Amino acid sequence: MSSEILQVKNLVKYFPIGTGMSKKNKSVVKSVDGVSFSINRGEIMGLVGESGCGKTTVGRTILRLHDATDGEVIFDGKDIFKLNKSQLRKTRPDMQLIFQDPYSSLSPRIPVGDIIGEAVLEHKIVPKSEYKDYIIKIMKDCGLQEYHISRYPHEFSGGQRQRICIARAIALKPKLIVADEPVSALDVSIQAQIINLLKDLQKEYSLTYLFISHDLSVVEHISDKVGVMYLGNIVEMGSKYDIFKNCMHPYTKALLSSVPIPDPSYKCDRILLKGDIPSASNPPLGCKFNTRCPSVMDICKKVSPEYKDYGNGHMVSCHLYTNSKYEK
Amino acid sequence: MSKESREKLKQISKENKKAVNHYEKIKKRKNIDPSEYIVSMKDTNNVIEFDNLKTYFYTDIGIVKAVNGVSFDIPKGKTVALVGESGCGKSVTNLTLMRLVQGPSGQIVGGEIRYKTESGEIVDLTKIPMSYMEKIRGNEISMIFQEPMTSLNPVFTIGQQISETIELHNKDMSKNQIKDRTVELLTIVGISRADEIYKSYPHQLSGGMRQRVMIAMSLSCNPKLIIADEPTTALDVTIQAQILDLMRDLKNQINASILLITHDLGVVAEMADYVVVMYAGKIVEQGTAMDIYNNPKHPYTIGLLKSKPVVNKHTERLYSISGQVPNPVNMPNYCYFKSRCEKSFDKCSGDYPSLNDLGDGHKVSCWLYDKDAKGER
């Protein structure tokens, strides 16, 4: 077995936007436009970016909840997009998703025990005789009490609901969990509880996470490896140290300096980005960041920069660092 | 449902009806005598003084004391931040200030909000007639709402929506003057194509632009106090940085005070001069931003600050406050934070601790810092 559990190669996902009945003027939203990365077993990869940059679409396409327009996803040695229905069904328990909003991702009509156990029965994860004990064990691992098993989701607070969602994912003994903004709907004090829980579970069950979030401080805390997305592309990727201490791409720099620091005596030189993120249906030519970049050059408006390794897997796509610029 | 619980619910709704009717009657009176609401300020440097404010919601399962005895001041030209988790009563505090609490279930049951109007009268905002409040609301005290996506009307242009406020409060201005003022406001908040934006509809603008429009609207009548209720929560970090920068600039330009309501401790550190920390309807700690961040006293404030991960500050494990916010119905008599507090001791099961001044206006409501209680520990 290779050390990489997930390899994403040049993943592309376009969503068509039609204009009414006519077949003309069909255009597409380029949600994900050529994303490549890989995650090793037991690693936590963080994916950050602003809203609309395609991070959620990446997560969903990897799990084949969307069919990709182009590209390859190799999960545990299998090409996810080439599996047929029954093969895919067998693979499903190995890859699970935790959703953003714990209020809308639990069915209000099903008791908690069944929410967690439904897929366990379906996929025959444990023998029927051990089923109940197994569910109770999973619930306890996720910080829920035994008597919660027959309660309904509306009886729980946001933090507890997120624990139910996590229990539901863990119960299938997955290898990879895609966590799509699992803490952004929660309060600060509850957020810390859930982050600690996710970290504990990762050690206990030797899980691999793809952690999608817009909160840089949370991503820094939890991840080993971070990818920064902008308009459907990963603009910079590297270890946590590379991104947070030694970032190269101007967008990452601006993003990091925009995070408010909870210390009133801290004064930083903030890089203020002008304007908004451009539309993904009509992205700018060349480097997609050129409309907002503080160190924009002529070449940025014509040629899109190469995605290059600058040592130890620190990948950056920016003209500032390509050799051609230094040669000139 | 058992018979007893049905009886109990009946009892609650009966009591609620009685209480609500009492407050509604007081509110609906005509010709309220000015002596009822004319008061005097504690300190003339304050724009607003909250004094023991109480807002309750009479719900079918019992009384929810959303704001339960809140007192703090907003000095002129300063930013005061109200911090707390969801459900702690920070939004209800500002709705009470604007007299926008949804009746009949929500009622202001006690306390004073003292405010000096432009005409020089010092009034209690909780008791003045609605017609008087309408002159103040949006004119002298304005508000920036949380959701720029939903707080603009989709069927009117940006220009119409901003000029509506100006027109209402400045009856002597001509149509052209109003338009000029609107375009000027749009320019002030950093919208480059102000003339074009004047004619566009909200759906044509991005989230950051809409929040700028909301800010322009709140500035339209040169307010003395701007209430910003989670102004950047719905925005991305890079846009948030732009909006915070804009608000800081504008505050200095027009010399207004800001009441900032947020749960983001990073935003507070950047913007606020004074911080008020709320928990379950009560103030647990208040002081200058430096006091709160560098020298937090209340176990809740300490926990809150520790549980937030900070960029470039490595911690192996996040500190987390165990448990969760208590049920707002039937709160105990003792400290509301006791069940989650690591430092609780015998005294905490007694009365609710009062706000103790530790010097220089840094106040904490915790038995740990009570001089008399310390010996017993």
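The values are calculated or read from the model by the stated rules, or taken from the named source; none is laboratory data. No experiment lies behind these values; they were computed from the predicted model shown. So basically every Cβ, Gly included, is an ideal-geometry build from the backbone, and we count neighbours across all protein chains shown. The protein model used for the area step is the full one, side chains on, heavy atoms only, and it has no ligands, DNA or RNA in it. Shrake-Rupley method; radii C 1.70, N 1.55, O 1.52, S 1.80 Å.
Annotations for the structure displayed:
- Condition met for B:Leu219 (away from chain A (no Cβ under 14 Å) and in contact with an Asp or Glu (Cβ under 8 Å, 6 or more places away or on another chain)): no
- Taken over the range B:177-205, the criterion of being open to solvent by 40 Å² or more (accessible area, probe 1.4 Å), within 29 Å of the chain's Cα centre (by Cα) and within 14 Å of chain A (Cβ to nearest Cβ) is satisfied by B:Gly190, B:His203.
- Checking the range A:31-41 against the condition returns no match, with no residue being part of a strand (DSSP E or B), open to solvent by 70 Å² or more (accessible area, probe 1.4 Å) and over 30 Å from A:Lys199 (Cα atoms).
- The residues of the range B:296-315 that are out of contact with any strand residue (DSSP E or B) (no Cβ under 8 Å at 6 or more places or on another chain), at the interface with another protein chain (Cβ under 8 Å from one of its Cβ atoms) and of a type in the set (A, V, I, L, M), listed by number, are B:Leu305, B:Val310, B:Val311.
- Within the range A:170-198, tally of residues that are under 23 Å from B:Ser322 (Cβ atoms) and not hydroxyl-bearing (Ser, Thr, Tyr): 17
- Restricting the range B:102-122 to residues that are open to solvent by less than 40 Å² (accessible area, probe 1.4 Å) and among the polar types (S, T, N, Q), the residue that is nearest to B:His362 (Cα to Cα): B:Thr117
- Within this structure, B:Gln211 passes the test of being among the polar types (S, T, N, Q) and in contact (Cβ under 8 Å) with a residue 24 or more places away in the chain.
- From A:Ile277, A:Ile243, residue being assigned to a loop (DSSP other than H, G, I, E, B), surrounded by 16 or more Cβ atoms within 10 Å (Cβ to Cβ) and β-branched (Val, Ile, Thr): A:Ile277
- Flag for B:Asp264 being within 12 Å of chain A (Cβ to nearest Cβ), open to solvent by 30 Å² or more (accessible area, probe 1.4 Å) and modelled with pLDDT of 90 or more: no
- Of the residues making up the range B:271-285, those that are part of a loop (DSSP other than H, G, I, E, B) and either aromatic (Phe, Trp, Tyr) or in contact with a Phe, Trp or Tyr (Cβ under 9 Å, 6 or more places away or on another chain) (or both) are B:Ala280, B:Gly281.
- Restricted to the range B:316-353, and to residues there that are open to solvent by 70 Å² or more (accessible area, probe 1.4 Å) and more than 14 Å from every other protein chain (Cβ to nearest Cβ), the residue that is farthest from B:Tyr279 (Cα to Cα) is B:Asp346.
- Which numbered condition B:Ile61 misses (of (1) loosely packed, with under 15 Cβ neighbours inside 10 Å; (2) closer than 30 Å to B:Gly266 by Cα; (3) among the β-branched types (Val, Ile, Thr)): (2)
- Residue check for B:Asp357: free of Cβ contacts under 8 Å to residues at least 12 places away in the same chain and more than 14 Å from every other protein chain (Cβ to nearest Cβ): yes
- Checked against the criteria, B:Ile141 does not count as closer than 30 Å to B:Val325 by Cα and surrounded by 15 or more Cβ atoms within 10 Å (Cβ to Cβ).
- Failed item in (1) more than 11 Å from chain A (Cβ to nearest Cβ); (2) within 30 Å of B:Asp60 (Cα to Cα), with B:Val276 passing the rest: (2)
Residue by residue, here is whether (1) outside any strand (DSSP E or B); (2) at pLDDT below 90; (3) of a type in the set (A, V, I, L, M); (4) over 30 Å from B:Asn330 (Cα atoms) holds:
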| site | (1), (2), (3), (4) |
| --- | --- |
| B:Pro223 | yes, no, no, yes |
| B:Ile226 | no, no, yes, yes |
| B:Ala241 | yes, yes, yes, yes |
| B:Gln253 | yes, yes, no, yes |
| B:Leu260 | no, no, yes, no |
| B:Ala269 | yes, no, yes, yes |
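- Within the range B:279-295, the residues that satisfy the criterion of being within 11 Å of chain A (Cβ to nearest Cβ) and either open to solvent by 10 Å² or more (accessible area, probe 1.4 Å) or hydrophobic (A, V, I, L, M, F, W, C) (or both) are B:Thr288, B:Ala289, B:Met290, B:Asp291, B:Ile292, B:Tyr293, B:Asn294.
- Test: residue in the range B:78-101 that is touching a Ser or Thr at 6+ places or on another chain (Cβ under 7 Å), open to solvent by less than 50 Å² (accessible area, probe 1.4 Å) and in a loop (DSSP other than H, G, I, E, B): yes
- Among the candidates A:Gly46, A:Gly71, residue that is modelled with pLDDT of 90 or more, part of a strand (DSSP E or B) and crowded, with 19+ Cβ neighbours inside 10 Å: A:Gly46
- Selected residue [among the aromatic types (Phe, Trp, Tyr) and either more than 13 Å from chain B (Cβ to nearest Cβ) or surrounded by 22 or more Cβ atoms within 10 Å (Cβ to Cβ) (or both)] from A:Tyr209, A:Tyr266: A:Tyr209
- Number of residues in the range B:341-368 that are in a loop (DSSP other than H, G, I, E, B) and of a type in the set (Asp, Glu): the value is 3.
For every residue, the table says whether it meets (1) surrounded by 10 or more Cβ atoms within 10 Å (Cβ to Cβ); (2) modelled with pLDDT under 90; (3) of a type in the set (Gly, Ala, Ser).
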| residue | (1), (2), (3) |
| --- | --- |
| B:Met1 | no, yes, no |
| B:Ser5 | no, yes, yes |
| B:Lys8 | yes, yes, no |
| B:Ile12 | yes, yes, no |
| B:His22 | yes, no, no |
| B:Ile32 | yes, yes, no |
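- Residues of the range A:90-112 satisfying the condition of being part of a helix (DSSP H, G or I) and farther than 20 Å from A:Leu198 by Cα: A:Lys90, A:Thr91, A:Arg92
- Pair list, Cβ under 9 Å, 6 or more apart: the range B:1-17 residue over 16 Å from B:Thr59 (Cα atoms), other residue assigned to a helix (DSSP H, G or I): B:Met1/B:Leu9
- Hits in the range A:171-192 - residues which are of a type in the set (A, V, I, L, M) and either within 20 Å of A:Val112 (Cα to Cα) or touching a residue at least 24 places away in the same chain (Cβ under 8 Å) (or both): A:Ala171, A:Leu172, A:Leu176, A:Ile177, A:Val178, A:Ala179, A:Val183, A:Ala185, A:Leu186, A:Ile190
- Residue within the range A:148-158 that is open to solvent by 10 Å² or more (accessible area, probe 1.4 Å), more than 13 Å from every other protein chain (Cβ to nearest Cβ) and outside any helix (DSSP H, G or I) present: yes
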